[in-house]
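Here is the structure we will look at.
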Amino acid sequence: MDLISLSPFDLALACALVLLLAGLSWRLRLGVERRILIAAARSTVQLILLGLVLKVLFATRDPWLIGLLALIMLSVAGWEVLARQHRRFRGPWGYGIGALSMFLSSFSILVLALTVIIGVEPWYQPQYLIPLLGMLLGNTMTGIAIALDQLSRQAWEGRNRIEARLLLGARWDEAIGDIRREALRAGLIPIVNAMAAAGVVSLPGMMTGQILAGSPPMEAAKYQLLIMFLISAGTGLGSLAAVWIGSRRLFDDRERLRLDRLS
Amino acid sequence: MGELRLQGIQPLGLAPVDLTVGADERVFISGASGAGKSLLLRAVADLDPHPGEAYIGDTPRSILAAPDWHRRVALLPAEPGWWAETVGEHMPACEPLGRLDLLGQLGFDADVLRWQVSRLSTGERQRLALARLLTLRPEALLLDEATANLDPVNRDRAEALITDYQAGQDAAVLWVSHDPDQRRRLGSRSLIIDGGRLRPDEDT
């Protein structure tokens, strides 16, 4: 089975459905027609731009260009993590903890997957690297954001019980141990749920895409599995790193709880 | 066991404090609410960053690990924290016999260890927090309104326990108390925080 190329006319037909929806919203006074149209326009522009960028990128084999795009993706993901924090760490830590943990987990797992597991030649071939990195970052980002948010919230609310343990002679890591575990668990729940529901409740997007593009379903399933495993490992490692660095940052060298380091 | 000595301890908004509380000495601190009494105790316990040094006996705080300092110079906050479900989980594991003895002196029986923390009254929490703290056998006590929520019977029990402990262990006690009767009853040196300074209280 070959890939059937979509013509602009095909897309226009699908787009007409969205216009119909917007018209319906206007007629029924739902008041969301403006937002529907703007969101549709945004996704059109963004995805076409991405397509153009990837087209250029896939044509080159310049590792610096690929590295640059990877860095841009990482820094955007870092801002996204920061934006989802209710109480942020002050100063460069707010951005740094999330970005560093994502860098450590996503990039190490990415390199492992490309060199050892898939065996791409050369390993930085953008056709594999960029989509894999995108999937990894997108998911570790969610896990790390949830875990860090839980950590800082609970520490903020739990000052009394953390300090009670310190006052009874506990070390800092004992005093925040249960909060740390809670935060990690919260960060891991989305990916665990996604793994459990995959294929039964939801047909994962990547697998759908591969099947539409003409891959045999078994090959698509295997790739999807690979991605899921990589994502879980990445989310787990990333959340661990973020919670560890974050909880350490909540205490100073005299093991005092420093909530003034949160905003 | 030894004296507690503060050298230039300066919590936020207070002038530096130099103070020596001898072994087996009791010093009361009073002052309007918001004057900085609790902040001073928190600074001595090293919960907040601040300039200054404290000594227990001859040992400076800065060479002790934080957990060791907390065990030796123990702070009982006005609102002690609880992190687990039952009372027993909060009690340090050492010396079960000494623990029961302490609980008994405060009017509890052994059954209290199985009680749910969420069902304790404020006064019960305060007395249990005192027992929890004394189990660690600290060398100095920092008490923040240790008996503020207690009825007269339990207040007398707690006062007796603290004074007994102090005499038995030669402990230094720095006690923040609003209650002038308590300060007169237990009779000892009294200081007041006034205008950001710690000075002797002439009224008592």
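Output the number of residues of segment B:1-58 satisfying the condition of being of a type in the set (Ser, Thr, Tyr) and within 14 Å of another protein chain (Cβ to nearest Cβ).
Quick first cut of segment B:1-58, residues of a type in the set (Ser, Thr, Tyr) only: B:20, B:30, B:33, B:38, B:55.
Next, only the ones that are within 14 Å of another protein chain (Cβ to nearest Cβ) stay: B:38.
Residues flagged as of a type in the set (Ser, Thr, Tyr) and within 14 Å of another protein chain (Cβ to nearest Cβ) within segment B:1-58 amount to 1.
Would you call A:Ala196 among the hydrophobic types (A, V, I, L, M, F, W, C), away from chain B (no Cβ under 14 Å) and over 30 Å from A:Leu259 (Cβ atoms)?
Details: among the hydrophobic types (A, V, I, L, M, F, W, C): yes; away from chain B (no Cβ under 14 Å): yes; over 30 Å from A:Leu259 (Cβ atoms): yes.
Taking the combined requirement at face value, the residue satisfies it.
Would you point out the residue of segment B:74-86, among those that are over 12 Å from the mean Cα position of the chain (by Cα) and in a loop (DSSP other than H, G, I, E, B), that is farthest from the other protein chains (Cβ to nearest Cβ)?
Of segment B:74-86, the ones over 12 Å from the mean Cα position of the chain (by Cα) are B:81-86.
From what's left, in a loop (DSSP other than H, G, I, E, B): B:81-85.
Working: B:Gly81: 3, B:Trp82: 6, B:Trp83: 4, B:Ala84: 9, B:Glu85: 12 Å.
Per the criteria, the residue is B:Glu85.
Tell me whether segment B:43-52 contains one or more residues that are in contact with a Ser or Thr (Cβ under 6 Å, 6 or more places away or on another chain) and outside any loop (DSSP other than H, G, I, E, B). Step through it out loud before you land on a result.
Taking segment B:43-52 first, the residues in contact with a Ser or Thr (Cβ under 6 Å, 6 or more places away or on another chain) are none.
The answer is no, given that none of the residues of segment B:43-52 is in contact with a Ser or Thr (Cβ under 6 Å, 6 or more places away or on another chain) and outside any loop (DSSP other than H, G, I, E, B).
With a cut-off of at least 1 residues that are away from chain A (no Cβ under 14 Å) and in contact with a strand residue (DSSP E or B) (Cβ under 6 Å, 6 or more places away or on another chain), name the strands (runs of 3 or more DSSP E) lying wholly within segment B:99-202. Before the answer, list the steps.
Details: elements: B:140-144, B:172-176, B:189-194, B:197-200.
Filter on segment B:99-202 gives B:172-176, B:189-194, B:197-200.
Among (1) in contact with a helix residue (DSSP H, G or I) (Cβ under 6 Å, 6 or more places away or on another chain); (2) farther than 30 Å from B:Asp109 by Cβ, there is one condition B:Ala65 misses while meeting the rest; what is its number?
So the condition that B:Ala65 fails would be (1).
Looking at segment A:169-176, can you tell me whether even one residue there is under 24 Å from A:Ala147 (Cβ atoms), of a type in the set (Val, Ile, Thr), within 14 Å of chain B (Cβ to nearest Cβ) and touching a residue at least 60 places away in the same chain (Cβ under 8 Å)? Working first, answer last.
Taking segment A:169-176 and keeping what is under 24 Å from A:Ala147 (Cβ atoms), we get A:170-176.
So of that shortlist, the ones also of a type in the set (Val, Ile, Thr) come out as A:176.
Next, from what is left, pick out any that are within 14 Å of chain B (Cβ to nearest Cβ): A:176.
Keeping just the survivors that are touching a residue at least 60 places away in the same chain (Cβ under 8 Å) gives A:176.
Yes, there is a match, as at least one residue in segment A:169-176 is under 24 Å from A:Ala147 (Cβ atoms), of a type in the set (Val, Ile, Thr), within 14 Å of chain B (Cβ to nearest Cβ) and touching a residue at least 60 places away in the same chain (Cβ under 8 Å).
For B:Arg71, indicate whether it is touching a Gly at 6+ places or on another chain (Cβ under 8 Å), more than 10 Å from every other protein chain (Cβ to nearest Cβ) and basic (Lys, Arg).
Details: touching a Gly at 6+ places or on another chain (Cβ under 8 Å): yes; more than 10 Å from every other protein chain (Cβ to nearest Cβ): no; basic (Lys, Arg): yes.
Here the answer is no, as B:Arg71 does not meet what is asked.
Can you give me the number of residues within segment B:3-32 that are in contact (Cβ under 8 Å) with a residue 24 or more places away in the chain and either at positive phi or hydroxyl-bearing (Ser, Thr, Tyr) (or both)?
The number of residues fulfilling the criteria is 5.
Given segment A:134-233, what helices (runs of 4 or more DSSP H) lie entirely inside it while holding 3 or more residues that are assigned by TED's automatic domain parsing to the domain that holds A:Glu80 and buried (at least 20 other Cβ atoms within 10 Å of the Cβ)?
Working: elements: A:159-167, A:172-175, A:177-197, A:205-212.
By residue number, A:159-167, A:177-197.
The values are calculated or read from the model by the stated rules, or taken from the named source; none is laboratory data. Remember, it's a predicted structure, so these values are computed and weren't measured experimentally. Ideal geometry is used to build each Cβ from the backbone, glycine not excepted, and the neighbour counts take in all protein chains shown.
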